[in-house]
Each structure stands twice: as C-alpha cells, then as structure tokens.
Amino acid sequence: MSEARLGLRENWPQFALLVIVNAFVGAMAGMERSILPQIAEQDFHLAAKTAVLSFIVVFGLTKALTNYLAGRLSDRFGRKHVLVFGWFVATPVPFLLMWAPEWSWILAANALLGVSQGLTWSTTVIMKIDLAGPSRRGLAMGLNEFAGYCAVAGSALATGILAGRYGLRPEPFYLGVGFVAFGLLLSVLLVRETQHHVAAESKLRGPPEGVATQREIFWRTTLFDKDLSSVTQAGLVNNLNDGMAWGLFPLFFAAARMDLEQIGTLAAIYPATWGIAQLVTGAWSDRVGRKWLIACGMWVQAAGIAIVVLASGFAGFATGAALLGLGTAMVYPTLLAAIGDVAHPAWRASAVGVYRWWRDLGYAIGALVAGVTADALGLPAAMWLVATLTAASGLVVALRMRETLVGIHAERRDTLIAHQASSGR
C-alpha cells in the first residue's frame, strides 16, 4: 500500500463521508433538545429543575468518560471499529425515548446516548485530524462541527415542529430510528481506517520527546501545559453553558409564553448559528491564530446569555441565542485545532480524549449548577451565574494561553515539501 498523503484535497472523499456521518451523530443529540424538558414536566410531572435536568447530567457524565476512553481505544483497536461500535450502542435510544413508562428509562436512554456520542463524535474528530494534516486543521474542525451542530439544529427544529403537531411522544423520535440506521450503514460499509495517516504525519514531525504515559498526557492536558490546560478549561465552561442552555432555555422560553413551535425554533437558532458560522471560524483560525478567537468567543457567549435573560419576547430571545451560537462557533473548532497544534501525533488521540472528557463533563456540571441555582434563586439567577463563569473563562485564556498556531508554520513547510516530493515536482 502506498504511503498515506495528508491534506483535505488529497483525502476529500473520506473526509466528506466523515462529515456526513457526523451530521447523523449530531442529529441524534438534537432530537431531544427542544422537547425533553417539557416531557419531564408534562409526562413525568417533575417539578424541581435539578430533577428535570438530570438527563443532561447522565448524558454529560457518560459522554465525558467515553470521550476519554475513545482516544485510547481508537489508538489500540483502530478508529473505524470504535466508530461502528458507537453506532451500535445508539440503536435502542429512540425506542427508549418513545416508550419510556418511567423517568428512569429516559435516564437510561441518555446514558446510552452519551456513550454513543462519546465514541462516534470523538472518533470522527480524530479521523478528520488524521486526514487533514497540520496545514488545514482549523478548517477541518470547522467542517466537522458545522455538520454536527447544523444537524443538532435541524433535528431540534424538526422534533419541535412534530411535537407541536402530534404531541411530545412518540412521533418526534421516529426520526432517531432513521439517524441510527443511516449512520451505522455508512460507518460499516464506507468509512476507512486512518491510522496510517498518523504514521505519515509522525514521520514529518519526528519522534516525540520521551514516551508519554496516559497519566502524563492526562495531567499535561488538564493542568500543567499552559496551552493545553487553557484550552481544556475553556472547553469545559463552553459545554457548561451549553448544558444550561439545553436544560433551562426551553423552560425559560415556556415561562415567557412561547409555544412549542416557537421554543423549537429558538432551540434551533443557537446550534444553527453555531454550526454555520464554524465554516468561517475554523478556517479563520488557520490564518489569524487560535488564542484570541477563543477568548473573544467566550465573551460573546456571555453576552448572548445576558441578552436572553434581559429579553422579554421572541426577537430578543432569538438575538441572544444567535450571539451564543456565534461565540460558540468562534471557540469550538478552534479549541480542537489548538489541541492538534500542540499534541504530537503519537499521543494526540489520547490528548483529544482527555480534552473531550473535561469538555463534556461541562454538560453535567452545567446542568447541576444551573438546576440547583434555579431551584434556589430562580431561572434568571442561574443564567446570570453561567454568563459570569463564561466571561471569566475567556479571561483565563487571554492571560494564560499562548498562541499555538505559531509553532506549526514549520510543519506546514515540511508538509508542503513532502507533498511536492511525492508528486515528483
């Protein structure tokens, strides 16, 4: 077999396929987004916001743990095997959501969904980083997250419309059966392994300094490396506010007398803006750098949450949701690209796994913080607290993180030389 070549152009068929697969991954997460809090209150009569948001806690914990394992498993068993197994785990989810007679069934469905999302989304991220090489890493992550979160938005909108017309269950979750079927079939039949691309990039960068153990990678990504740990805390806080938005926004909008279709539309605006804007922000970070896009993105998110709290009607809510989505788009692909800048290919998948462990633990932390605060002080107080934490996270990036893009200019040059040599130019 000829040596693997790095780059989006060189690998566009597989890259495009992985973008489509990740759209189905995102759609699975989106089908709950506009209606599950209402199901908790109307079908299962849960009054406490902490109890209503318990499904996000379960989802966040299982997804975070599986993210951490996904990097290690994909290095050991191959990316494709992990991706396919993740889709198998998802197969019972829509049926559990349709037919759940008790809230514990909903929690079980979200545990399976978290495991599936951790395996499938993490693996598509890792595979795209493998294929893209260093020169277009931000664009690659922008395309990946664009597909995933536009699908989240489309799925949230579709389920909100179906719920408004046919009721909260079971019709909105019929979509999930199709998402699983298509995602699984594409992954089994068409996706190819990308580990040989890792070997090709490792040759360009040379061997890593020493042999990094899993313990060293964990603590380096979590705390000791200024760049990696700044990225990690920003990812955690980003998903902390996403967990709040997922759980509290529908309840906040309902309290403002929005109907189910309006709530579904508002629930879609945030991830739709997030998804579409990433087509620009991911590639932009390849040109202007990672640090200030991340810091400013966190501040824009905080402003979006504040506008939602202060607004009193659909237009204001939509403006705040769009700003929250724009800020998240500035941050999300850029964080992943920064991890790819810093981590050596030999341990990059594990570093991505650690980052995604902490990032998606933010769902659980955000749901708990928001739920407890909302029960004690009300919905607006919970949202103000999360906005403050988000602004503080941007300040940490501004003060602690260095620009990671600078270090890969030499990599780009080496990659270009290698490509020219391989094509005989």
Toy charge model, Lys and Arg Cβ at +1, Asp and Glu Cβ at -1: the chain dipole around Cα centroid in debye, rounded to 20, equals 980 debye
Least to most buried among SER285, SER104, SER312, SER187, by other C-beta atoms within 10 Å and fewest first, runs SER312, SER104, SER187, SER285
Output ordering of 287-297, 71-81, 230-240 (per-residue mean of other Cβ within 10 Å, highest first) is 230-240, 287-297, 71-81
Helix 54-77: inclination vs the chain longest Cα principal axis, degrees, rounded to 10, gives 20 degrees
The residues MET98, MET28, MET244, sorted from fewest to most surrounding Cβ atoms within 10 Å, come out as MET98, MET28, MET244
At q = 0.28 Å⁻¹, the log10 of I(q)/I(0) for the range 366-409 from a Debye sum over equal Cα scatterers comes to -0.90
Taking 0.36 nm per residue of separation between TRP105 and VAL188 and subtracting their Cα-Cα distance, the length gained on full extension comes to 27.0 nm
Summing -39500 (n - 2.57) over every DSSP H run of at least 4 in the chain, dividing by its residue total and rounding to the nearest 500, the 222 nm mean residue ellipticity is -27500 deg cm²/dmol
Exposure-ranked with fewest Cβ neighbours within 10 Å first, TRP358, TRP12, TRP347, TRP384 stand as TRP12, TRP384, TRP347, TRP358
Tilt, helix 12-30 to longest principal axis of the chain (alpha-carbon atoms), in degrees rounded to tens, equals 20 degrees
The helix 103-132 Cα axis meets the longest alpha-carbon principal axis of the chain at an angle in degrees, between 0 and 90 and rounded to 10, of 30 degrees
Partner lysines whose C-alpha sits under 19 Å from that of LYS49, ignoring same-chain residues fewer than 8 away, are none
Ranking ASN241, ILE217, THR328 by how far each Cα lies towards the positive end of the charge dipole of the chain (+1 on Lys and Arg Cβ, -1 on Asp and Glu Cβ), the top one is ILE217
Ordering 326-337, 32-43 by per-residue average of other C-beta atoms within 10 angstrom, highest first, gives 326-337, 32-43
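Rule-based calculations on the coordinates, nothing more; no lab input. Keep in mind that this is a model prediction, so the values were computed, not measured. Virtual Cβ from ideal backbone geometry, glycine too; neighbours counted across all protein chains shown.
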